[in-house]
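Input: a single structure, listed below in structure tokens.
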Amino acid sequence: MSNKDNMYQRILLKLSGEALSGTLDSGIDPQVLAAFTSEIKQLVDDGVQVGLVIGGGNIFRGEQLAAAGMDRVAGDHMGMLATVMNAIAMGDAFRRIGIDARVMSAFPIGSVCETYRRDDAVRHLNKNRVVIFSAGTGNPFFTTDSAASLRAIEIGADLMCKGTQVDGIYSSDPKIDPTATRYTRLSYDEAITRNLKVMDTTAIVLCRDHAMPLRVFDIHEKGNLKRVVNGEDVGTLVECGDDS
Ligand code: UDP
């Protein structure tokens, strides 16, 4: 396996729970799982090391459960467990196409999956296994975006990729504002001060403080992930330096 054509050797890909539900109102669409795993397989076959953080918003979000009257911490525990369910489904989909994938949880659920340890994760990645990081950071009041930044930094990823439903970061919501324009490049501070809703502030600040470049792109566009890893100018790149 050779990785000579790829700009990045090790990536962390963040997928929201919503991305997994595809055209369904909630839950997991098996066709979407198959599409994502096949895109990721192309990278793995090329020798790129892939870590994945999956959200849980297609099943439960603590904030919404709290708005409905539930204790926020209990709701966040349910949200984190929802990410574990998504990760198990994803791990199963990988194994069905012959990719060795390991699900890790931020808190111990030993009979279901491995407990996250940075060194174990890196060992798996070095063996060309896809590592699926679940249960977020393991703490309430955080998001899986923050978990993605954290894991990207911990495993020493070359790039954090945020696969979304739109093709990058826009000046305003392109679904509402027809004059919205897409940024090709942004600094972390611009993303924060312009309140562009790329990721929550904690997640961006973590990337900024550890100089972790972040590319936001449309995950549903076939071949995009490969283009990103080849270093092509897809979506929006958030990194250090001058604002554009
Ligand atoms: N969550 C949490 N701590 C974390 C990550 C997630 O408590 O470190 C909970 C939180 O309730 C959140 C839910 O898990 O709403 C699902 O995660 P998220 O909303 O980030 O999923 P996504 O929007 O990416 O699908």
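Below are the figures for this structure:
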| item | result |
| --- | --- |
| Tally, over segment 117-129, of residues that are in a loop (DSSP other than H, G, I, E, B) and of a type outside the set (Lys, Arg) | 1 |
| Residue within segment 130-141 that is closer than 24 Å to Arg72 by Cα, in contact with an Asp or Glu (Cβ under 9 Å, 6 or more places away or on another chain), assigned to a loop (DSSP other than H, G, I, E, B) and open to solvent by 60 Å² or more (accessible area, probe 1.4 Å) present | yes |
| Positions within segment 184-196 being of a type outside the set (Val, Ile, Thr) and free of Cβ contacts under 8 Å to residues at least 24 places away in the same chain, in sequence order | Arg194, Asn195 |
| Subset of segment 106-129 (residues that are touching a residue at least 60 places away in the same chain (Cβ under 8 Å) and surrounded by fewer than 15 Cβ atoms within 10 Å (Cβ to Cβ)) | Asn126 |
| Meets criteria (in contact with a strand residue (DSSP E or B) (Cβ under 6 Å, 6 or more places away or on another chain), over 23 Å from Arg227 (Cβ atoms) and more than 16 Å from the ligand (Cβ to nearest atom)) for Arg102 | yes |
| Residue list for segment 10-40, restricted to those being open to solvent by 40 Å² or more (accessible area, probe 1.4 Å), more than 18 Å from Val84 (Cα to Cα) and touching a Gly at 6+ places or on another chain (Cβ under 8 Å) | Gln31 |
| Enumeration of residues in segment 197-244 that are open to solvent by 20 Å² or more (accessible area, probe 1.4 Å), under 25 Å from Glu39 (Cα atoms) and basic (Lys, Arg) | Lys222, Lys226, Arg227 |
| Residue check, Ile88 of a type outside the set (Ser, Thr, Tyr) and touching a Gly at 6+ places or on another chain (Cβ under 8 Å) | no |
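A quick yes/no check of all residues on (1) modelled with pLDDT under 95; (2) away from the ligand (no atom under 14 Å from the Cβ); (3) over 27 Å from Leu125 (Cβ atoms):
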position	(1), (2), (3)
Glu39	no, yes, no
Gln49	no, yes, no
Leu52	no, no, no
Gly57	no, no, no
Leu65	no, no, yes
Met70	no, no, yes
Gly75	no, no, yes
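The values are calculated or read from the model by the stated rules, or taken from the named source; none is laboratory data. Values in this document were obtained by computation on a predicted structure and should not be read as measured data. Note that each Cβ is placed from the backbone with ideal geometry, even for glycine, and that neighbours are counted across all protein chains shown. Each accessible area value is taken on the protein alone, full model and side chains, heavy atoms only, with ligands, DNA and RNA left out. Shrake-Rupley method; radii C 1.70, N 1.55, O 1.52, S 1.80 Å.
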